[in-house]
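Participant: The structure follows.
The values are calculated or read from the model by the stated rules, or taken from the named source; none is laboratory data. Since the model is a prediction, treat every value here as computed from it, not as a measurement. Every residue, glycine as well, gets a Cβ built from its backbone with ideal geometry; the counts of neighbours run over all protein chains shown. All accessible areas refer to the heavy atoms of the entire protein, side chains included, with ligands and DNA or RNA removed. Shrake-Rupley method; radii C 1.70, N 1.55, O 1.52, S 1.80 Å.
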Amino acid sequence: MAKQNFDTLRAMAIASQAVGLVTIITLETIMRDAARPWQGAVLLAMVASALAIAMVRLYRRNKLRKQRDTRLQETKGRGR
């Protein structure tokens, strides 16, 4: 069985979306119709956090890919 690592970025994404959803529902419950602009702001923050997390994930993936390619090139250079 493969060992599974804890994915911090995934946990952060889930937590931020859960907090945003709870905030939107709470705003609707407390403020009624006056909550709309605030709900929009919360939704915008949720989208921004999701995009930021996606960018960090992409950066990490590309960094690992570059490291792997560098190691592969070094290994091929030694074999000659």
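Participant: I'd like to know which of V56, V19, M31 lies farthest towards the positive end of the charge dipole of the chain, counting +1 on Cβ of Lys and Arg and -1 on Cβ of Asp and Glu.
Facilitator: V56
Participant: Let me ask you something else. Would you list T70, T23 from the most to the least accessible area, probe 1.4 Å? List each step's numbers first, then the result.
Facilitator: Numbers: T70 75, T23 50 Å².
Sorted descending by solvent-accessible area, the residues read T70, T23.
Participant: Shifting gears a bit: How large is the helix-only mean residue ellipticity at 222 nm for the chain, computed as the sum of -39500 (n - 2.57) over DSSP H runs with n ≥ 4, divided by its residue count, in deg cm²/dmol to the nearest 500? The partial results should precede the final answer.
Facilitator: On the way: 2 runs with 68 residues, N = 80.
Calculated mean residue ellipticity at 222 nm is -31000 deg cm²/dmol.
Participant: Let me ask another. What's the magnitude of the charge dipole for region 1-76 around its Cα centre, counting Lys and Arg as +1 and Asp and Glu as -1 at the beta-carbon? Answer in Debye, nearest 20.
Facilitator: Working: 13 positive and 5 negative charges, 134 e Å.
In debye, rounded to 20, region 1-76 gives about 640.
Participant: Here's another thing I want to ask about it. With viscosity set to 0.692 mPa s and temperature to 37 °C, compute the Stokes-Einstein D of the chain, Rh being the Kirkwood radius across alpha carbon pairs; µm²/s, no decimals. Write out the running numbers ahead of the final one.
Facilitator: Working: Rh = 15.9 Å.
In µm²/s, the coefficient rounds to 207.
Participant: Find how much the distance from Q4 to K76 grows on full extension, using 0.36 nm per residue of separation minus their present alpha carbon separation; answer in nm with one decimal. Let's see the in-between values first.
Facilitator: Values: separation 72, 0.36 × 72 = 25.92 nm, distance 3.04 nm.
Length difference between fully extended and current span is 22.9 nm.
Participant: Which ³J(HN,Hα) values, rounded to whole Hz and listed in residue order, are derived for region 5-19 from phi using the Karplus coefficients 6.51, -1.76 and 1.60 in 6.51 cos²θ - 1.76 cosθ + 1.60 with θ = phi - 60°, glycine and proline given as x?
Facilitator: Values per residue, Gly and Pro as x: 8, 6, 9, 4, 5, 5, 4, 5, 5, 5, 5, 5, 5, 5, 5 Hz.
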